[in-house]
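Read the structure below first, then the notes.
The values are calculated or read from the model by the stated rules, or taken from the named source; none is laboratory data. Fair warning: this is a prediction, and the values are worked out from it, not measured in the lab. Cβ placement follows ideal geometry from the backbone for every residue including glycine, while neighbour counts extend to all protein chains displayed.
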Amino acid sequence: MSSGTILLAAAVLAWLVWGRRPGSAGRSAAAHARQLRTPLVRLAELAGVQTVRGRQAAQFAAGAEGERRTGRLLGVLRLFGWTVLHDLALPTGRANVDHLVVSFWGVVIVVDSKRWDARYRVRAVGGRLLHGDRDVTDRLRGLRHEAETVSRVLGVPVFSLVVMHDAPVDGGALIFDGIRIVPAQSAVAVLRGIARRHCGHGHGLGRRARLALKPYGRN
């Protein structure tokens with residue numbers, strides 16, 4: 001049996017075991033979408049009128065769906081002894097971490113979900129990150145901040161990974177300014193590869209992360 005078949009079977013099992021439980025992946029983004037989609041916004045949408053709040057709500061809803069998809073993918077890592085956490089609050093500010101995974105031996109990776117328009121390719125050109133012709137370099141700034149903050153909280157190095165849904169990634173994967181950007185279908189394999197290549201910080205680090213970083217909106 002190939003490794004790909006084994007991973008697929010494990011992913012299905014993880015979904016059966018964890019995927020049906022009420023999860024928190026995408027919870028805060030979905031809540032923002034609901035808050036923005038007021039009765040007046042819904043009426044405008046029914047009438048075919050676009051509003052600023054309506055567009056913002058659609059963006060948050062799309063982001064929430066991307067996070068839920070990533071959450072289902074990451075569930076397989078629990079079968080290998082990983083800690084998998086979603087939608088975490090940082091100690092200061094209003095930012096949240098989409099996903100945090102800690103390998104059995106303590107390699108820590110902050111995972112960010114992106115769900116971008118499938119019509120346009122994600123590529124690096126001249127030191128900038130582009131989605132089609134749009135410069136999206138600044139959209140990684142938040143991920144850098146999250147990884148740096150988690151690193152300070154846990155006192156260990158933290159890696160960063162962007163899981164890209166829908167939009168194709170140039171060359172099948174990118175490393176842009178130290179941040180890996182990969183298509184969703186290869187995320188689990190890439191995460192396991194990162195864990196194998198780097199020294200961990202002890203199998204108790206997952207529990208430390210769970211205690212130090214609380215779900216967004218509940219700390």
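Counting the residues of segment 14-44 that are assigned to a helix (DSSP H, G or I), modelled with pLDDT under 75 and surrounded by 15 or more Cβ atoms within 10 Å (Cβ to Cβ) gives 8.
For Gly75, the criteria (1) more than 17 Å from Ala187 (Cα to Cα); (2) surrounded by 17 or more Cβ atoms within 10 Å (Cβ to Cβ) hold in every case but one, which is (1). Of all the numbered requirements in (1) within 14 Å of the chain's Cα centre (by Cα); (2) part of a helix (DSSP H, G or I), Leu211 misses one, and that requirement is (1).
For (1) among the hydrophobic types (A, V, I, L, M, F, W, C); (2) under 17 Å from Trp82 (Cβ atoms); (3) at pLDDT 95 or above, each residue gets a yes or a no:
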position: Val107; (1), (2), (3): yes, yes, yes
position: Val110; (1), (2), (3): yes, yes, yes
position: Arg115; (1), (2), (3): no, no, no
position: Gly127; (1), (2), (3): no, no, no
position: His165; (1), (2), (3): no, no, yes
position: Ala173; (1), (2), (3): yes, no, yes
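The criterion of at least 3 residues that are touching a strand residue (DSSP E or B) at 6+ places or on another chain (Cβ under 8 Å), touching a residue at least 12 places away in the same chain (Cβ under 8 Å) and buried (at least 19 other Cβ atoms within 10 Å of the Cβ) is met by the following strands (runs of 3 or more DSSP E) wholly inside segment 88-180: 96-102, 108-116, 158-166. Residue count for segment 181-203 satisfying the condition of being among the small types (Gly, Ala, Ser) and in a loop (DSSP other than H, G, I, E, B): 2. For segment 47-69, filtering for residues that are part of a helix (DSSP H, G or I) and touching a helix residue (DSSP H, G or I) at 6+ places or on another chain (Cβ under 7 Å) leaves 10. The residues on offer are Gln56, Gln50, and the sole one that is surrounded by fewer than 15 Cβ atoms within 10 Å (Cβ to Cβ) and either of a type in the set (S, T, N, Q) or modelled with pLDDT under 75 (or both) is Gln50. Among the conditions (1) over 14 Å from Arg123 (Cα atoms); (2) surrounded by fewer than 15 Cβ atoms within 10 Å (Cβ to Cβ); (3) out of contact with any Gly (no Cβ under 6 Å at 6 or more places or on another chain); (4) not aliphatic (A, V, I, L, M), Gly202 misses just one, which is (3).
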